[in-house]
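Comments concern the structure below.
The values are calculated or read from the model by the stated rules, or taken from the named source; none is laboratory data. Being a predicted model, the structure only gives us computed values, none of them experimental. Every residue, glycine as well, gets a Cβ built from its backbone with ideal geometry; the counts of neighbours run over all protein chains shown. We work out accessible area using only protein heavy atoms, side chains counted, and drop any ligands, DNA or RNA first. Shrake-Rupley method; radii C 1.70, N 1.55, O 1.52, S 1.80 Å.
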Amino acid sequence: MAEYGDVSVALDEHVALVEIHRPPHNFFDRQLIKDLADAFEALDKDAACRALVLASEGKSFCAGANFTDRIATGGSEQATGGASHLYKEAVRLFACEKPVVAAIQGPAIGGGLGLALVADFRVVSPDARFAANFVRLGIHPGFGLTFTLPRLIGIHSASLMFLTGRRIHGEQALQWGLADVLVAPDRLRETARQLALEIAEGAPLAVRSTRATLRRGLAEAVKAQTDHEFTEQSWLMRTEDHREGVRAVSERRPGRFVGR
């Protein structure tokens, strides 16, 4: 067992369980994404590791960034600088050289959806929920989602998620190709591990080479996309609509937006 801040790593039979420990919702910040990237890079260098399972402790897989706390502390505008550094760490995750299977037990929201799409495959439970709810918060999508989500499910379905902010449940995610396997909650971790073990049975050099070809240019594309996303988020975070969006989401009501 190794620890990287709120991230633990346990390696067994060539499969590493990388687990986030910020229950119940596993909100992320730059430090958490850096810790994950550090863990991924260490496993890239470990010849005993051939595949990763990305999981989290708690109700949600990852509920994204905690915008409510930022507004409450007056830190939303200052957070734009932090977002730039956070995205640099996120690009490191996409540069991981070994296959990743995500075990998604609950909501993956906003940037948490972006984190879920770092993985090659997603094993989900019926309680999983996926949402790119940025417009409901009055901001632009981030974490490279404007590149990764259309690439996975197509521009039409991605646009529907982006422009409505609606939540997609596990069964629909499976139908759309956003999820690869749908299993009961009590089988989630083991099913994800079995998929990772199946990958790990292949010749490791060949698996790594094939995956590198399939993901060629991905990290670079995410870097270019997050640069643009950050520019758009920076000015939108200074708007009245963003402050209203955060209040509306925290109060579970529709936003009363004014376009400024």
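The charge dipole of the chain, taken about its Cα centre with unit charges on the Cβ of Lys, Arg, Asp and Glu (plus for the first two, minus for the last two), comes to roughly 820 debye. By the Kirkwood approach, averaging reciprocal distances over each pair of separate Cα atoms, the range 1-60 gets a hydrodynamic radius of 11.6 Å.
Using a 1.4 angstrom probe, figure out how much accessible area the range 147-260 has per residue, in square angstrom, rounded to the nearest whole.
Spelled out: the 1.4 Å probe surface of the range 147-260, per residue, equals 60 Å².
For the range 174-260, the convex hull spanned by the alpha carbon atoms encloses 176 Å³ per residue. In summary, the aspartates and glutamates within cross-link reach of Lys223, defined as a Cα separation below 12 angstrom excluding same-chain residues under 8 places away, comprise Glu89. Here the alpha carbons of the range 128-232 define both size measures, Rg and Dmax, at 16.3, 47 Å. One quarter of the convex hull surface built on the alpha carbon atoms of the chain amounts to 12.8 nm², the projected area averaged over directions.
Using a simple spin-label model with pseudo-atoms 7 Å out from Cα toward Cβ, Arg238 and Glu190 lie 5.5 nm apart.
Distance between the pseudo-spin-label points of Ala47 and Arg167 (7 Å out from Cα toward the beta carbon): 4.7 nm.
Database remark: amide H of Ala51 closer than 5 angstrom to the amide H of Ala16 (H placed geometrically; neighbours at sequence offset of 5 or more, or on other chains; Pro and chain starts carry no H). Relative to the longest principal axis of the Cα atoms of the chain, helix 188-200 runs at roughly 50 degrees. The phi-based Karplus calculation (6.51 cos²θ - 1.76 cosθ + 1.60; θ = phi - 60°) puts the 3J(HN,Hα) values of the range 12-27 at 8, 6, 6, 10, 9, 8, 9, 10, 8, 10, 9, x, x, 10, 6, 4 Hz, whole numbers, x for Gly and Pro. Structure remark: mean-square fluctuation, Gaussian network model of the chain, C-alpha springs under 10 Å; the largest value among Thr213, Thr164, Thr191 belongs to Thr213. Annotation: amide H of Gly110 within the under-5 Å range of Ala131, Ala132, Asn133, sequence separation 5 or more or interchain, hydrogens built in the peptide plane. Only the Cβ atoms of Lys and Arg (+1) and of Asp and Glu (-1) were treated as charged; on that basis the dipole of the range 127-260 about its Cα centre amounts to roughly 280 debye. Build a GNM of the chain with springs between Cα atoms under 10 Å apart, and of Gly202, Gly110, Gly138 the one that fluctuates most is Gly202. For the range 177-239, the fraction of 1.4 Å probe accessible surface lying on carbon and sulfur atoms is 57 percent.
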